[in-house]
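Report on the following structure.
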Amino acid sequence: MTCAAASDATARLRERIVDVVPLECVDYLALLGLSDLELTGAVPSAEVSLGERPRLRVNPAFVERHCAADESLQVLLLHELNHILLGHTRLYPRVTPLHNVAFDALVNAQLCRALPARANTALLRGLYRPDVLPEALLRPPEGWGTDGVGWALTGPARRLHQALYRGDDVTFVDVVAVLAAQAPAMAGGAAPPLLLGGHGAAPAGAAVDADQLA
């Protein structure tokens, strides 16, 4: 891509970002003050760097493939901002794959409850399978928002999925406990599915420390 083409692509994406961020959400206006927008393949989807000069880093290939609709781009951006607003980037000195999935399950459910239209949930429904752990916890169930909801999971995972999408009082520890029991490979450090936003890297094979779950 030439410098001129890259500049044009950045300008177009910046315009889309300004258009899709809900202006009535005061906390999200901080995004519009970000000093830099970087298009890069170094991140899987998007992330906001922290520090004195925040930078929004977006993978243009991901946006082209998964966020052609503005509603999907909005969910991608709000997902990352919610991680920051909720303090997820500061909770643990060593973030494991299990932590990342638990954080995303909470954020995705919150976004889906706030933006329940199928156009808004399309990104998550397209990325994750509805009947496989841990993916199913990262998206609404089939038929969510209608009279024909299909809860594909069973046992504790199903109860957790239902609680997330009812808006019950579900904590990070609750999600970690179910994942550790129902998807033990995650507790052993197995690579998670593709996650939205930036996440702290975990050492290969890292397991969840018991004192981090307290």
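Quick notes on this structure:
- With R₀ set to 30 Å, the beta-carbon distance separating THR171 from ARG118 gives a calculated FRET efficiency near 0.60.
- Along segment 106-117 the Karplus relation, 6.51 cos²θ - 1.76 cosθ + 1.60 evaluated at θ = phi - 60°, assigns HN-Hα couplings of 5, 5, 5, 5, 4, 5, 5, 5, 7, 10, x, 4 Hz to successive residues, with x for each Gly and Pro.
- The H on the amide N of ARG55, modeled in the peptide plane, is under 5 Å from the matching H of SER49, each at least 5 residues off or on a different chain.
- Share of carbon and sulfur in the accessible heavy-atom surface of segment 123-173 [1.4 Å probe, %]: 46
- Taking 0.36 nm per residue of sequence separation and removing the Cα-Cα distance, the ARG125/THR40 pair yields an extension gain of 28.2 nm.
The values are calculated or read from the model by the stated rules, or taken from the named source; none is laboratory data. This structure is a prediction, so every number in the text was calculated from the model and none was measured. Glycine also receives a Cβ, built like all others from the backbone with ideal geometry; neighbour counts cover every protein chain displayed. Ligands, DNA and RNA are stripped out before the accessible areas are found, and what is left, the full protein with its side chains, is counted by its heavy atoms. Shrake-Rupley method; radii C 1.70, N 1.55, O 1.52, S 1.80 Å.
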